[in-house]
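So the structure is just underneath, and the comments pick up after that.
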Amino acid sequence: MALLEIRDLHVGVEDREIIRGLHLSVHAGEVHAIMGPNGSGKSTLSHVIAGKPGYEVTDGQILFKGEDLLQMEPDERAAKGVFLAFQYPVEIPGVTTMNFLRAALNAQRKARDQQEFSTPAFLKRVREVAGSLNIPQDMIKRGVNVGFSGGEKKRNEILQMALFEPGLCILDEIDSGLDIDALRIVASGINALRSPERAMIVITHYRRLLDHIVPDIVHVMSKGRVMKSGGKELALELEACGYAQFEDAA
């Protein structure tokens, strides 16, 4: 059984249909890349899976481990193991990254009927995880994303992903705004979290990210549908030929 199964999904925003009959199956251990032009529905798909408000699902199903995600609130989906790394992480002034991480992690553990971390146990855990990802301690003492560079914001997303240990990681254009060095650092952190029990969906416009995070399957989206799926060589085809052929077909 697929870890994530999307069947004939239709999604609209303000009476405009964005996703038009999308099908997608993702199994544990797989990394899927979704590529496509602006407006193809890539980010909409990630937001709908995670439960972001403002989208109307008019038809179809999204099943995660056989359960209907569309019947769950966003926090329930997170507790089940769905994680979305944002393209543009928000700043939260007045809240330290350390306090934010502890509150979020303990909320998830409580929802799963697991024992919450005490302060000493959490501090030990976050230092271990941050150290494994080469994230400096001073970064997690600062306000959430306040004054962070683009690379630091994305590394903070990876730190959250490592702490929460989700079953499904959705990375929405995590390469956006990163220079070459920051991209390598972020990609290294993501690769460290690849696991036979975990699936990842990597959403991007460009092949350069896929040079660092090599996907098992590449999908091309256009006008709200998956138009073609293939191996990593499909990303090379897109770079050579562009998206026009798929937009015409859609």
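The values are calculated or read from the model by the stated rules, or taken from the named source; none is laboratory data. Worth saying up front: this structure is predicted, and the values here are computed from it rather than measured. Quick reminder, even Gly has a Cβ in these numbers, built from the backbone with ideal geometry, and neighbours come from all protein chains shown.
Assorted remarks:
- Of the numbered criteria (1) on the phi > 0 side of the Ramachandran plot; (2) assigned to a helix (DSSP H, G or I), the one Gly39 fails is (2).
- Output for region 60-69, where each listed residue is surrounded by 16 or more Cβ atoms within 10 Å (Cβ to Cβ) and without any contact (Cβ under 8 Å) to a residue 40 or more places away in the chain: Leu69
- Filter result for Lys52 (of a type in the set (D, E, K, R) and touching a residue at least 40 places away in the same chain (Cβ under 8 Å)): no
- Hey, Ala107 in contact with a helix residue (DSSP H, G or I) (Cβ under 8 Å, 6 or more places away or on another chain), of a type in the set (Gly, Ala, Ser), under 28 Å from Ala187 (Cα atoms) and part of a helix (DSSP H, G or I) or not: yes
- Scanning region 174-206 for residues that are of a type in the set (D, E, K, R), closer than 18 Å to Ile217 by Cα and buried (at least 20 other Cβ atoms within 10 Å of the Cβ) returns a single hit, Arg198.
- Filter result for the condition that a residue is more than 30 Å from Ile140 (Cα to Cα), part of a strand (DSSP E or B) and out of contact with any strand residue (DSSP E or B) (no Cβ under 6 Å at 6 or more places or on another chain), over Glu17, Glu5: Glu17
- Here is the figure for region 100-146: residues that are in contact (Cβ under 8 Å) with a residue 24 or more places away in the chain and small (Gly, Ala, Ser) total 6.
- Residue match in region 140-158 (condition: within 27 Å of Gly94 (Cα to Cα) and in contact with a Phe, Trp or Tyr (Cβ under 6 Å, 6 or more places away or on another chain)): yes
- Flag if Glu173 is in contact (Cβ under 8 Å) with a residue 40 or more places away in the chain, among the acidic types (Asp, Glu) and more than 17 Å from Ala192 (Cβ to Cβ): yes
- Just so you know, in region 70-87 the residues that are in a helix (DSSP H, G or I) and in contact with a strand residue (DSSP E or B) (Cβ under 8 Å, 6 or more places away or on another chain) include one that is surrounded by the fewest Cβ atoms within 10 Å (Cβ to Cβ), and it is Leu70.
- Odd one out for Pro120 among (1) part of a helix (DSSP H, G or I); (2) crowded, with 19+ Cβ neighbours inside 10 Å: (2)
- Annotation note: Cβ proximity below 7 Å between a residue of region 191-208 that is more than 11 Å from Val31 (Cα to Cα) and a residue that is at pLDDT 95 or above and part of a loop (DSSP other than H, G, I, E, B) (sequence gap 6+ or interchain) occurs for Glu197/Ala28; Glu197/Gly167.
- Just so you know, in region 141-167 the residues that are over 27 Å from Arg112 (Cα atoms) and of a type in the set (S, T, N, Q) include one that is nearest to the chain's Cα centre (by Cα), and it is Asn145.
- Boolean, Val57 is under 18 Å from Ala85 (Cα atoms), surrounded by 14 or more Cβ atoms within 10 Å (Cβ to Cβ) and among the β-branched types (Val, Ile, Thr): no
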